[in-house]
Number of protein chains: 2
Amino acid sequence: MPIDARLPKEIRADIRAGRLNAVTAGLAPGYVQANLAVLPKEQAYDFLLFCQRNPRPCPLIEVTEAGSPEPVGVAPGADLRTDLPRYRIYKDGVLADEVTDVRPFWRDDLVAFLLGCSFTFEWALLDAGIPMRHIELGKNVAMWKTSVQCRPAGQFHGPMVVSMRPIPTALLSKAVTASARFPGAHGAPVHVGDPAALGIADVNKPDWGDSVGVRAGEVPVFWACGVTPQAVALASKPAFMITHSPGHMFITDLPNHALAAI
Amino acid sequence: MPIDARLPKEIRADIRAGRLNAVTAGLAPGYVQANLAVLPKEQAYDFLLFCQRNPRPCPLIEVTEAGSPEPVGVAPGADLRTDLPRYRIYKDGVLADEVTDVRPFWRDDLVAFLLGCSFTFEWALLDAGIPMRHIELGKNVAMWKTSVQCRPAGQFHGPMVVSMRPIPTALLSKAVTASARFPGAHGAPVHVGDPAALGIADVNKPDWGDSVGVRAGEVPVFWACGVTPQAVALASKPAFMITHSPGHMFITDLPNHALAAI
């Protein structure tokens, strides 16, 4: 994976100017990257409440003022309309467009939600000496829709989505404690072991991403996944919604350790 | 302090029936008690966002559906209109009434917010072997308005309120880690040491509660305080608001360990 170790604001400037438009893995390592969901103010209370009620899949790190594209808490001066490499525009819950600049779509009633992403806890796991099979293989992490329902809020409801990483049993404790320190990036695993407990029929057949298998001496460990809030929001078919394109995240000014709870 | 070790729902039934109407310290030890703030739906988005932006002073543990007095997430079957020993009714930000039953004041547009309280982290500190001077002396904890401004949201803004506990230097690390495990109950200290850093002129003259002093070999340790959200909400003079009366908390069904992040 190529690494671009410049500061977040330098990389965002390149993205804004159109000089960078690929996935953000490997960019500004050590800094928090975030999922983006933008909804009209009319839906914002229910979505905010949904996130509050489901903090594992939906760890909120920033909510903008209605109409403002500036995430003042996590990246003052940034512009959420231009500073992500790629966006998706949804109308009535259907993908309508994929663009690199959402200024033409912006409205005075839009609220942007930024949610912590797995990059932060994967950094914590790697830093604790825990190998990540999908990274070693250059694959996407495996993800499943589970039989666990999120706690609904207003129009938003749906199942929790999880990602799975095979962890050697000797490193299991460390994987739990290392990720638990980062509730702002999905936190501790939501389940360890038997996939059937989450309604997952075959741990080798993910609903999204790539299968990497579970070897002898390894346990499948499941974390809540940031795909959940987008899937849940889209399932309610909002008239208008903007998200980042998969893998094309917003890079904040927060160092990863800023999300550490302890 | 007299202890009533029955289950929360048994104690709530006594409160509901008018057989108990005193402060809730010592009731159902081991279970999470909560601060109550009730606002019309019209103000609920801004208040929810304020809590999301200021999690240390405003650790949300439950938000009810508009019009419903049942906190289904933390005490299914309970009724927030009758199950607290004493309430305060505010009109235009001014205390208008103090009552033991708010059913006559209830409206279809009211949203109830429950916020974690210091009882949970004090339990964690005591359990870690850390003495609590104010409890030993049978006094209220000392509290100050600080020079630290909360991050505003809509109509809600104001300074953070903190409580202070003197901690022997040898136990300082343990006090930090023991409380940090409970972000749902104010979490780790917001400041350790020099009171002037928070704009506190005299650590022996609290704005509320009782002074217990800081002895040689002790450090003043400051935690964000649940007085903050009520003070902030009232400062914006909402047309209508209900809160618990000081010390007369809502007793949830959650064991304290349910709020542990790690």
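Our summary gives chain A a relative contact order of 30 percent, counting only alpha carbon pairs under 8 angstrom and 6 or more residues apart.
Rounded, prolate or oblate: which fits segment B:90-152 when a ≥ b ≥ c are the square roots of the eigenvalues of the alpha-carbon gyration tensor, with rounded for a/c under 1.5 and prolate only if a/b beats b/c? Could the numbers behind the result be given before it?
Working: a/c = 2.18, a/b = 1.80, b/c = 1.21.
It comes out prolate by the Cα gyration axes.
Treating only the Cβ atoms of Lys and Arg (+1) and Asp and Glu (-1) as charged, compute the dipole magnitude of chain B about its Cα centre; round to the nearest 20 debye.
Values: 24 positive and 25 negative charges, 71 e Å.
Once rounded to the nearest 20, the dipole reads 340 debye.
For residue A:216, the distances from its label point to the matching points in the remaining copies are 6.7 nm, ordered from shortest, with each point set 7 Å beyond Cα toward Cβ. Size of segment B:119-228: Rg and Dmax of its alpha carbons, in Å, are 13.5, 44. Counting only other chain Cβ atoms within 10 Å of each residue's Cβ, the peptide B:51-57 averages 3.
Averaging 1/r across all pairs of distinct Cα atoms in the protein assembly as shown and inverting the result yields a Kirkwood radius of 24.3 Å. Between residue B:197 and residue B:99, the contour length at 0.36 nm per residue exceeds the alpha carbon distance by 31.4 nm. Within chain B, the ratio Rg/Rh, alpha carbon atoms throughout and Rh by Kirkwood, equals 0.95. Here the dipole of the protein assembly as shown is about 420 debye; that uses its Cα centre as origin and unit charges on the Cβ of Lys and Arg (positive) and Asp and Glu (negative). Remark: mean inter-chain Cβ contacts per residue of B:148-156 equal 1, using a 10 Å Cβ-Cβ cutoff to other protein chain atoms.
For chain B, B:117, B:150, B:225 stand unpaired, since no other cysteine beta carbon lies under 4.7 Å from theirs.
In vacuum, with every alpha carbon of segment A:31-136 counted as one equal point scatterer, what does the Debye formula give for log10 I(q)/I(0) at q = 0.09, 0.21 Å⁻¹? Two decimals, please. One equal scatterer on each Cα of segment A:31-136 leads to -0.27, -1.20. In a Gaussian network model over chain B where Cα atoms closer than 10 Å are linked, find which of B:15, B:135, B:251 has the largest mean-square fluctuation. Answer for the Gaussian network model of chain B: B:135.
Of A:179, B:173, A:236, the sequence from fewest to most neighbouring Cβ atoms within 10 angstrom is B:173, A:236, A:179. Taking the centroid of alpha carbons for each part, segment A:216-238 and segment B:46-76 are 24 Å apart.
Averaged over A:41-48, how many beta carbons belonging to a partner chain fall within 10 Å of each residue's beta carbon? Write down the numbers at each step before the final one.
Details: counts 1, 0, 0, 3, 9, 1, 0, 7.
Mean number of neighbouring Cβ atoms from other chains: 3.
From the alpha carbon centroid of segment A:120-143 to that of segment B:127-174 is 39 Å. The long axis of helix A:41-53 is offset from the longest Cα principal axis of chain A by roughly 20 degrees.
What list do you get for B:134, A:248, A:186 if you sort them by fewest beta carbons within 10 Å? Let's see the in-between values first.
Details: B:134 19, A:248 22, A:186 27.
Neighbour counts put them in this order, fewest first: B:134, A:248, A:186.
By the count of neighbouring beta-carbon atoms within 10 Å, fewest first, A:84, A:95 end up ordered A:95, A:84.
The C-alpha atoms of chain A define a longest principal axis, and helix A:118-127 lies at about 40 degrees to it. Compute the label zone of residue A:235 within segment A:80-113: residues whose backbone N is under 13 Å from the point 7 Å along Cα-to-Cβ. Answer for this model: none.
Values in this text are rule-based calculations from the coordinates and carry no lab data. Keep in mind that what you see is a predicted model, and the values were worked out from it rather than measured. Here Cβ is always computed from backbone atoms with ideal geometry, including for glycine, and neighbour counts include all displayed protein chains.
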